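Read the structure below first, then the notes.
The values are calculated or read from the model by the stated rules, or taken from the named source; none is laboratory data. Bear in mind that the values here come from a model prediction, so they are computed numbers and not experimental data. Ideal geometry is used to build each Cβ from the backbone, glycine not excepted, and the neighbour counts take in all protein chains shown.
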Amino acid sequence: MPLNPPANFRVNGKACRYSGDARRSLLDFLRDDMGLYGTKKGCDHGQCGACTVIVDGSRVNSCLTLAVMQDGCEVTTIEGLGSPEALSVLQRAFVTHDGFQCGYCTPGQICSATAMIEELAQGWPSHVSADLNNPVPSDDELRERMSGNLCRCGAYPNILAAIRDAMEAAR
Amino acid sequence: MKFFDYARATELSEAIGEFAKPIAGGTNLLDLMKLEVETPSRLMDINHIGLNEISPHGDGLRIGALVRNADCAADLRVRRDYPLLARAILAGASPQLRNRATTGGNLCQRTRCTYFMRLGTRCNKREPGSGCDAIGGVNRDHAIFGATEHCIATYPGDMAVALAALDASVQIEGIDGSRQVSLRDFHRLPDGDPHLDNVLTGGEIITSVKLPAPVGGKQIYRKIRDRASYAFALVSVAAIVTLDQGRITRADLAFGGVAHKPWHDPAVGRALIGNEPSDQLFSEAADLLVNQAKGQGGNDFKIPLLRRSLIAVLREATGIGGNDVRNL
Amino acid sequence: MFGTYDIPDQRNLLDRTRQGLIGAPLERPESGLKVCGVAPYAAEHHPPNCAEGVLVTATIPQGRVIALHKDEVLAMPGVLGVFADKRMLRRPAQGTAGKAPVQDVRAVEYHGQPIALVVAETFEQATHAAKALRVEYEASATVPLDPEGLETEPGRKPVVLGDLDQAMAEAAHSVDLTFTTEGHASAAMEPHASVAEWQGDDLTLWGSFQMISHNVKELADSLRIAPRHVRIRSAYVGGGFGSKLGISHDAVAAAIAARELGRPVRVVLSRQQVFDTITRRSETGQRLRLALDAGGYLAGIGHEAWVSNLPDEPFAEPVTQATEFLYSGENRKLAVNLARISRVTSGSVRAPGEAVGMQVLEAAMDELAEKAGFDPIELRKRNLPSSQPGKDRPYSSRMLIEALDQGARAFGWQDRKPRPCMTREGEWWLGMGVASAARVNMLRPAAARVRLEPDGSLRVQSDQTDIGTGSYAILGQIAGEMLGVPIARVTVELGDSSLPSGAGSGGSFGASSTGSAVFRACEAIRDKLAHRLGVPIEALELRDGMAIASGREVAVIELLRGEAMEEIGRIKPGKTDKDYAQASYGAFFCEVAVNAFTAETRLRRMLGAFGFGRVLNARTARSQCLGGMVWGIGSALTEELGFDLRDGQMTNHDLAGYHVPCHADIPALEVILLEERDAPASPIQAKGVGELAICGAAAAVANAIYNACGVRMHDFPMTPARLLPKLPDPF
């Protein structure tokens, strides 16, 4: 088994390769090697959700996985969801509902919510689902499912409104 | 983080008997490596060796060690036949963490004791023989059962508490072959050697968790924490309760956040079986549970909290109390 | 002309302008950048060849560093330098200090204090090397770590009026209560970060700061260079809440290392270091005495607080600040007592003073109302003085009665049960609570440049920061409104010390202060335009790029004659600051559920009604109120710093241990904005809003908990551990 093999993966559809210091987190790789600073470092320990990205369709904390572990993966960051000229539905809804203040947790909230909506569509249950086999997207469901993303400005009610708006727009 | 070499295994045999530290989800290991509480010189990435399926096993289920927590909780069979397990997993961490964390890794999750996680303090778990700063320190998160003068840390996970109630077993592979350990015996009490969290020996790897045949009944996982989500348990209760003709016929209970392992006290369940549910019965069972509990000062509140949480769970499981609105 | 604000501007000019921007719930102009992750925060400026610095922090509470084994670390891969310069900061600066805070990292004053900086080529190399650095200390023998029982000094000028003891003795109803609140962390989502780059003798520092013009002075003084050599850029700040008011150790360390190494250096605090080294809100002990006469009027108020800070630090949590003006009661004793201990610096955390003072005062008022048999709203309303007790000055404006009344109606207060333990839903006790909100208002010196371009577009420039508060939106709205420019043609540039000095973000004064500077710059431009049009200024109307007066309508670009028109507006607090008691007011209503078995408390819903002068942007103002209420909920239920009293280390110095509220903790929140005009507060008749909605919120929760389950909680936060022993029989 070779030591320190490179990782070949894709970020926002673009092929990339990492073969440096194995200690580099996916988060630091995205920010400092790729210049994708939309993914934020809030705690570096999986305690805030600011670094949330979507890997192979799943939302994950990019601070708690290594760049070298992404071999074969498809990583989507906030930059891959939309641009100021072409906002995603959810990004647009965050603007409309003022779903942020300082903006630092925002990319993580949006990446997380993007994947969360998909999880709901697949019928995944949550801690607060009354019926594990038939979760209904109540406000409490959305809150619980977004609880891995802290917002110190306290934009939670507006974030919830934005997500609900985007979900309704998608229907 | 200390420098380490990284290797990527493609089959199980490459990961067994290695001195390298296996990494799966990494959500706890990398956290601790950043703190330099864990300092492996080599990491073995086991994410590509399979073991990521849930399959029938006898009358039960076999959950591969690399099944992600989120996938396990969402699995239709788990949801239908082992709702306790799904609920416990979903009570833990955050969706992002559950998407990475694995069945095996979660069982190996280390304590959240603040002294364990901070270099420069005395901790027998991190540095055997150094002492325990949690004793006499800030210990509101610590154990009320089975603690010793060497360590008062708790096992922080949720999933394992449900697995203890479900009487699951852990399949382990090592260079000398495979072995199976009851989940209730997988984690250990700190005794004099708290650096050992569980019974895994060097080079061994968890390959799967086996669930016995479904038992039905009312299954509840109740987790009490300082905020409504995304926090570790102060205490938690996993319960499987079956009623037949007004009497309790099964009461499998396990408790989290209270010991160095998921706490399982068979006497409590036994005290319930054969009886009609009542607040008095539940209070007596709860008293039996906390009879041997011992606080450390900061965590004394856990004793009444655990007691009352068990009563609440048993009431919910047996339909006592109800959920109606009453104007008093 | 320094623009001192001496006479209340009663013109309400912004009510007569016609662009329709003021108060409108416009989207933030920077929102597209923020939701796409392309708004650059401090650490995201990564100049070529930038090295990475990581701070080393102390593992003793007090003493001296006697040896740093630098050589071992310098031999490690990629390590470029180890710095423990005398100029490096032991403590961050307090807000508006304007000079270097305590320097020299060879002395240790608290556990976790910065003692060195390790710089390496990569972040990974630097973080490991910083951990590997062996440090030898000479530790102090006895270190004061617990404020309990220590001697104190006055932390604020006491207020002693009449004879409180006698008022208490003669009172028809009274309460004498002792409360505690635990320490709080700002915990802004963006950790403190600095990127320092020198060009010759000139330093550019990309940092995360709230008050740039002060920060320049603090940084320059720390480095012992002239302020003109320092430029700070903070265009986007990932939350501040007081924690970024003053210069911090990351900035000074980065600047020193960058100079020494001859290359840019970035220093980002780890989350743990943010907790360990950045200002905390002091824990408090508070004694509340309220004396009510037979007529239901307050005869006396006692509010004495005990707080802590490091030796010589000037800041003392001003706990009694709102008590000084909120309610009547001619016999008073208000005091803040300060103990000196070896814990990380205490300083401003969102709404210093009222955040914890109002929380306790309003809980005590609820107990008094119950004792005297008053509805808690009625008790408050009948005890609002007509002028500030002891100072005999009028209130600039006060919407407290409106907030209580409108809030009560909208919330359905009439459905509240008169006694505790009257509603049970399964395991849960349900109850409602109310509390007043009050927060002092401040106007701060500010300047802003407004430039009407020859093409009719508008630029607003100031070093004012936007820490999520809405400065980008609001300042553009004021300028566009005043000069009749559609918002799409307004550009706002902020957070760069090369621009005129705004008030900065702190004390809720940014919008009204810097907004007033923008307003005044615009007034000067309006004067010029009126002059060019040949009409009196009173007759001038500007709208959509047209100047309209006396039946004439001329395009503003014609009046500009191909040249830009630029003015710098300034404001400074003046007589109105002294002549009036100025504050923002409001009321909170909430409904809670308390688990009768487990003592978990869950908010069911919460409403706040707030009056803070003119609403400049209804969307961002509402967001500020929501944020404040979320903080109030955190203060009520989850937030507390823990310290090990044996060695002073913070035991929950991360976001897993320090529980800021998460999504699931926050129910539907409703906000009512009460429009008012407060001319003594500012020429735009606006007051501060950013902090108001915390001040008293936690008391509403405590009062609701009492109404639910009959437990009076005097120790915050009201965690299950604290509430459980007091709960009634659950069955």
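Return yes when A:A115 is among the small types (G, A, S), part of a helix (DSSP H, G or I), over 27 Å from C:T469 (Cα atoms) and not assigned by TED's automatic domain parsing to the domain that holds A:S62 and no when it is not. Yes. Remark: pairs (first residue in the range C:364-386, in a helix (DSSP H, G or I); second residue among the basic types (K, R); Cβ separation under 7 Å; 6+ apart in sequence or on different chains) = C:M365/C:R380; C:E367/C:R712. The single condition among (1) of a type in the set (S, T, Y); (2) surrounded by fewer than 22 Cβ atoms within 10 Å (Cβ to Cβ); (3) at the interface with chain C (Cβ under 8 Å from one of its Cβ atoms) that A:T76 does not satisfy is (3).
Among the residues of the range C:77-97, not a single one is within 14 Å of another protein chain (Cβ to nearest Cβ), part of a loop (DSSP other than H, G, I, E, B) and of a type in the set (A, V, I, L, M).
Considering B:D193, B:D287, the condition of being among the acidic types (D, E) and either over 30 Å from B:I23 (Cα atoms) or within 14 Å of chain A (Cβ to nearest Cβ) (or both) is satisfied by B:D287 alone. For A:V68, all conditions in the list (1) away from chain B (no Cβ under 14 Å); (2) β-branched (V, I, T); (3) assigned to a helix (DSSP H, G or I) hold save one; what is the number of the exception? Status for A:V68: all satisfied but (1). Quick one: is A:L27 touching a residue at least 24 places away in the same chain (Cβ under 8 Å), out of contact with any helix residue (DSSP H, G or I) (no Cβ under 6 Å at 6 or more places or on another chain), surrounded by 20 or more Cβ atoms within 10 Å (Cβ to Cβ) and within 28 Å of A:P2 (Cα to Cα)? Against the criterion (touching a residue at least 24 places away in the same chain (Cβ under 8 Å), out of contact with any helix residue (DSSP H, G or I) (no Cβ under 6 Å at 6 or more places or on another chain), surrounded by 20 or more Cβ atoms within 10 Å (Cβ to Cβ) and within 28 Å of A:P2 (Cα to Cα)), A:L27 does not qualify. Criterion applied to B:S55, B:S13 was being modelled with pLDDT under 95 and among the hydroxyl-bearing types (S, T, Y), and the one residue passing it is B:S13. Scanning the range A:32-61 for residues that are in contact (Cβ under 8 Å) with a residue 24 or more places away in the chain, among the hydroxyl-bearing types (S, T, Y) and touching a Gly at 6+ places or on another chain (Cβ under 9 Å), we see that the one that is surrounded by the fewest Cβ atoms within 10 Å (Cβ to Cβ) is A:T39.
Table: residues versus (1) of a type in the set (A, V, I, L, M, F, W, C); (2) under 20 Å from C:G632 (Cα atoms); (3) assigned to a helix (DSSP H, G or I); (4) more than 12 Å from chain B (Cβ to nearest Cβ).
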site: A:S129; (1), (2), (3), (4): no, no, no, no
site: A:P135; (1), (2), (3), (4): no, no, no, no
site: A:R143; (1), (2), (3), (4): no, yes, yes, no
site: A:S147; (1), (2), (3), (4): no, yes, no, no
site: A:G154; (1), (2), (3), (4): no, yes, no, yes
site: A:N158; (1), (2), (3), (4): no, yes, yes, yes
site: A:A162; (1), (2), (3), (4): yes, no, yes, yes
site: A:E168; (1), (2), (3), (4): no, no, yes, yes
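Might you check whether a residue that is more than 12 Å from chain C (Cβ to nearest Cβ) and under 30 Å from C:L669 (Cα atoms) occurs anywhere in the range A:100-107?
Of the range A:100-107, the ones more than 12 Å from chain C (Cβ to nearest Cβ) are none.
No, the range A:100-107 has no match at all.
How about the range C:634-669: which of its residues are more than 10 Å from chain A (Cβ to nearest Cβ) and assigned to a helix (DSSP H, G or I)? Result: C:S635, C:A636, C:L637. Listed by position, the helices (runs of 4 or more DSSP H) enclosed by the range B:1-99 that each have at least 1 residues that are touching a residue at least 24 places away in the same chain (Cβ under 8 Å) and farther than 20 Å from A:G72 by Cβ are B:29-34, B:69-74, B:76-81, B:83-91.
Can you go through C:K726, C:K687 and tell me which one is in contact (Cβ under 8 Å) with a residue 24 or more places away in the chain, among the basic types (K, R) and either surrounded by 24 or more Cβ atoms within 10 Å (Cβ to Cβ) or within 14 Å of chain B (Cβ to nearest Cβ) (or both)?
Working: C:K726 fails: in contact (Cβ under 8 Å) with a residue 24 or more places away in the chain.
So the residue among C:K726, C:K687 that is in contact (Cβ under 8 Å) with a residue 24 or more places away in the chain, among the basic types (K, R) and either surrounded by 24 or more Cβ atoms within 10 Å (Cβ to Cβ) or within 14 Å of chain B (Cβ to nearest Cβ) (or both) is C:K687.
Just one of the numbered conditions (1) surrounded by 22 or more Cβ atoms within 10 Å (Cβ to Cβ); (2) under 21 Å from the mean Cα position of the chain (by Cα) is not true of B:L43: (2). Scanning the range B:1-39 for residues that are within 21 Å of B:M117 (Cα to Cα) and surrounded by fewer than 17 Cβ atoms within 10 Å (Cβ to Cβ), which turns out farthest from the other protein chains (Cβ to nearest Cβ)? Applying the filter and picking the extreme gives B:K21.
What about C:A473, is it closer than 30 Å to C:L400 by Cα, part of a helix (DSSP H, G or I) and among the aliphatic types (A, V, I, L, M)?
Details: closer than 30 Å to C:L400 by Cα: yes; part of a helix (DSSP H, G or I): yes; among the aliphatic types (A, V, I, L, M): yes.
Judged against the criteria, C:A473 is a match.
Residues in the range C:691-723 that are in a helix (DSSP H, G or I) and of a type in the set (F, W, Y): C:Y706 only. Annotation note: of B:I135, B:I49, the sole residue that is farther than 30 Å from B:G297 by Cβ and out of contact with any Lys or Arg (no Cβ under 8 Å at 6 or more places or on another chain) is B:I49. Considering each of A:G103, A:G108 in turn, give the residue that is part of a loop (DSSP other than H, G, I, E, B) and either of a type in the set (G, A, S) or under 14 Å from the mean Cα position of the chain (by Cα) (or both). Matching residue, one of A:G103, A:G108: A:G103. Scanning the range C:206-222 for residues that are surrounded by 24 or more Cβ atoms within 10 Å (Cβ to Cβ), aliphatic (A, V, I, L, M) and touching a helix residue (DSSP H, G or I) at 6+ places or on another chain (Cβ under 6 Å) gives C:V216, C:L219. When C:A479 is tested against (1) surrounded by 24 or more Cβ atoms within 10 Å (Cβ to Cβ); (2) touching a Lys or Arg at 6+ places or on another chain (Cβ under 8 Å); (3) not in a loop (DSSP other than H, G, I, E, B), exactly one condition is not met: (2).
Consider A:L26 carefully, then state whether it is away from chain C (no Cβ under 11 Å) and under 25 Å from C:A188 (Cβ atoms).
On the way: away from chain C (no Cβ under 11 Å): yes; under 25 Å from C:A188 (Cβ atoms): yes.
Criteria met by A:L26.
Checked against (1) touching a His at 6+ places or on another chain (Cβ under 7 Å); (2) part of a strand (DSSP E or B), B:A164 meets all criteria but (2).
Would you confirm, using the coordinates I've provided, whether A:L160 is out of contact with any Ser or Thr (no Cβ under 8 Å at 6 or more places or on another chain), without any contact (Cβ under 8 Å) to a residue 12 or more places away in the chain and outside the structural domain of A:S62 (by TED's automatic domain parsing)? Let's see the steps before the verdict.
Values: out of contact with any Ser or Thr (no Cβ under 8 Å at 6 or more places or on another chain): yes; without any contact (Cβ under 8 Å) to a residue 12 or more places away in the chain: no; outside the structural domain of A:S62 (by TED's automatic domain parsing): yes.
Here the answer is no, as A:L160 does not meet what is asked.
List the strands (runs of 3 or more DSSP E) that sit entirely inside the range C:146-220 and contain at least 2 residues that are small (G, A, S).
Numbers: elements: C:159-161, C:173-181, C:193-199, C:202-207.
Because the criterion is at least 2 residues that are small (G, A, S), the strands (runs of 3 or more DSSP E) in the range C:146-220 that meet it are C:193-199.
Among the conditions (1) under 28 Å from C:P227 (Cα atoms); (2) surrounded by fewer than 23 Cβ atoms within 10 Å (Cβ to Cβ), the only one that C:D293 does not satisfy is (1).
What about C:L540, is it surrounded by 19 or more Cβ atoms within 10 Å (Cβ to Cβ) and without any contact (Cβ under 8 Å) to a residue 24 or more places away in the chain? It is true that C:L540 is surrounded by 19 or more Cβ atoms within 10 Å (Cβ to Cβ) and without any contact (Cβ under 8 Å) to a residue 24 or more places away in the chain. Here B:S94 meets each of (1) surrounded by fewer than 24 Cβ atoms within 10 Å (Cβ to Cβ); (2) at the interface with another protein chain (Cβ under 9 Å from one of its Cβ atoms) with one exception, condition (1).
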